[in-house]
Amino acid sequence: MGKVATLESPINETQLNGTIGIAHTRWATHGAPATENAHPHIANNRVTVVHNGIIENHKALRQQQLEQGFRFTSETDTETVVHQIEHYLQQGQTLTEAVRNSRADFRGAYALGVISPVDPELLVTTRLGSPLVIGLGADENFIASDTAALLPYTNRFIFLKDGDLAEIRRDSVLIFDEHNSPVEREIHTSKLSAEATELGPYAHYMLKEIYEQPNAIAETLEGRIHNGAVMAGIFGHEAAAIFQQTQQIQIVACGTSYHAGMVAKYWFERILELPCFVDVASEFRYRHPVLREGTLTVTLSQSGETADTLAALAEVKKRGFDQTLAICNVAESSLVRESKLTLMTHAGPEIGVASTKAFTTQLVALLLLILAIGKEQKSLPEQEEREIIDALQQLPRQIEQVLNSDKPIQQMATQFADKEHALFLGRNRMYPIAMEGSLKLKEISYIHAEAYPAGELKHGPLALVDAKMPIVAVAPSDLLMDKLLSNLEEVRSRNGQLFVFTDTESHFESSDQIHTLAVTEPASYYTAPIIFTIPLQLLAYHVALIKGTDVDQPRNLAKSVTVE
């Protein structure tokens with residue numbers, strides 16, 4: 001229980017040694033995080049299993065296995081996996097055969113690592129729905145759910161396809177497809193280094209990743225804009241033909257990526273006058289969405305392994321709409337492999353659970369998409385195209401300037417130390433940014449936070465406002481500034497404490513109740529949402545420090561949600 005570091009001391013006190021092993025830092029799906037539920041699970045001292053995913057029919061399997069005489073020592077669905085493999089081993093099958101036959105009995109998603117004293121130098125691995133990568137070393141081989149875990153040991157990887165099974169020994173890897181036919185999968189050489197996943201001088205990964213955003217955005221723009229225009233083909237060789245036929249946009253994403261999609265809706269409809277629909281992936285395929293000819297489905301994901309997003313993409317393709325585009329941070333991910341068009345965000349590894357640079361680079365990628373579609377459809381005036389490109393090229397410098405506000409934001413954060421609730425307000429494309437700010441605060445500080453369009457205050461949220469309820473407003477100088485001022489005056493007159501992030505041309509004046517901070521010069525309409533995200537990230541970070549919570553690994557959350 002707890003951090004991996006707490007396991008190091010008892011392990012170092014043992015005489016544990018060997019040439020093969022499996023382990024899993026488990027995110028609890030069935031059963032509390034407790035010793036009896038920890039992986040690996042063992043059956044009759046003959047089979048040992050680690051499992052990422054969910055076995056949906058575990059209750060039926062458990063009942064069947066109890067009748068067969070198996071004894072359960074945990075609450076997990078994974079224990080049914082190990083018993084099922086042992087069941088087939090008892091019938092005289094090899095370890096590989098037992099794993100293969102067991103798979104047919106499972107419903108759900110899984111990535112499995114299986115070892116047994118029956119064949120003590122063999123590791124059998126297989127996947128369906130959950131990510132799994134094989135790392136190729138020198139006289140040693142590895143499995144993991146992400147390449148970042150293996151970068152200190154190798155930069156050569158094989159990505160298994162759904163239904164694949166592999167026999168791994170220290171000097172060989174044999175792969176079989178879902179039909180049990182031997183296959184070869186491409187070996188990928190990663191350009192990432194182990195240093196990319198190290199903290200360096202920063203106290204937390206989240207802080208490191210906040211400060212990496214100017215470079216991450218520059219990397220995302222690198223090679224994609226030339227002579228004041230988006231370069232052809234950056235979304236794939238079929239992109240031009242697809243973009244010419246695009247009549248509406250359907251964005252599907254989860255969490256922070258969903259907020260990026262919400263911002264893009266404002267952009268698509270104002271800049272290109274293209275209808276844009278945005279869905280939470282976990283709801284999308286259950287509401288029977290109406291997709292019409294000419295729909296471009298855009299999926300957003302940092303990891304490319306989010307189960308709900310992958311399932312939504314599969315549903316779109318199943319219904320015959322194969323005009324799909326993935327915006328993702330992991331080139332070898334399932335989402336990228338399953339999509340017709342792709343654009344990598346080039347943010348680099350993001351370790352902190354609370355997404356920061358992945359979000360802002362997704363927004364940059366979405367603006368590039370708008371430029372590319374506008375170019376192909378000849379619907380974007382040259383002047384506006386130049387304005388967007390100029391704003392994008394200035395963005396890394398502007399974010400560096402915003403980062404200079406770290407100290408005053410740190411001071412502002414002290415006023416949240418004893419708070420339990422907070423409201424975030426924004427108008428127009430700043431409303432999704434308020435949503436993202438509230439998500440960051442609740443994720444890592446455990447303060448209950450909600451976001452509303454500022455114009456909705458009188459429709460309910462105003463009832464919550466008192467001196468104990470901090471209200472955070474995102475307030476650039478734009479056409480809605482005067483309306484936002486009126487909304488915030490309603491808060492001030494009810495003794496609410498206002499924390500306003502604005503720019504140097506705003507009309508806000510600080511007082512005992514209104515704490516204003518100009519974090520930037522007046523920003524472009526197009527890039528203002530990206531710029532105003534940064535102070536909200538810093539606010540959440542510093543509040544979490546004051547609260548003493550786990551910034552990089554907040555309770556109950558996982559970085560990549562690979563189960564539905």
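Within region 37-58, one or more residues are free of Cβ contacts under 8 Å to residues at least 60 places away in the same chain, touching a helix residue (DSSP H, G or I) at 6+ places or on another chain (Cβ under 7 Å) and either open to solvent by 30 Å² or more (accessible area, probe 1.4 Å) or farther than 22 Å from residue 98 by Cα (or both).
Among the conditions (1) without any contact (Cβ under 8 Å) to a residue 12 or more places away in the chain; (2) open to solvent by less than 30 Å² (accessible area, probe 1.4 Å), the only one that residue 229 does not satisfy is (1). A Cβ distance below 7 Å, combined with a sequence gap of six or more or placement on separate chains, defines the contacts here; from region 433-459, residues that are open to solvent by 40 Å² or more (accessible area, probe 1.4 Å) reach residues that are aliphatic (A, V, I, L, M) in the pairs 442/449; 450/423; 452/423; 452/425. Of all residues in region 306-351, those being of a type outside the set (Ser, Thr, Tyr) and in a loop (DSSP other than H, G, I, E, B) number 16. When the test is whether a residue is open to solvent by less than 20 Å² (accessible area, probe 1.4 Å), in a helix (DSSP H, G or I) and more than 16 Å from residue 48 (Cβ to Cβ), residue 65 passes it. Selection of region 209-248 for residues being aliphatic (A, V, I, L, M) and closer than 16 Å to residue 389 by Cα yields 217, 218, 221, 225, 229, 230, 231, 232, 234. Considering only residues of region 515-539 that are in contact with a Pro (Cβ under 9 Å, 6 or more places away or on another chain) and part of a helix (DSSP H, G or I), which is surrounded by the most Cβ atoms within 10 Å (Cβ to Cβ)? Looking at the filtered set, the residue picked out is 529.
The values are calculated or read from the model by the stated rules, or taken from the named source; none is laboratory data. Note that the structure is predicted; figures quoted are calculated from it, not measured. All Cβ positions, glycine included, derive from the backbone under ideal geometry; neighbour counts span all protein chains shown. Surface areas here come from the heavy atoms of the whole protein model, side chains and all, with no ligands, DNA or RNA. Shrake-Rupley method; radii C 1.70, N 1.55, O 1.52, S 1.80 Å.
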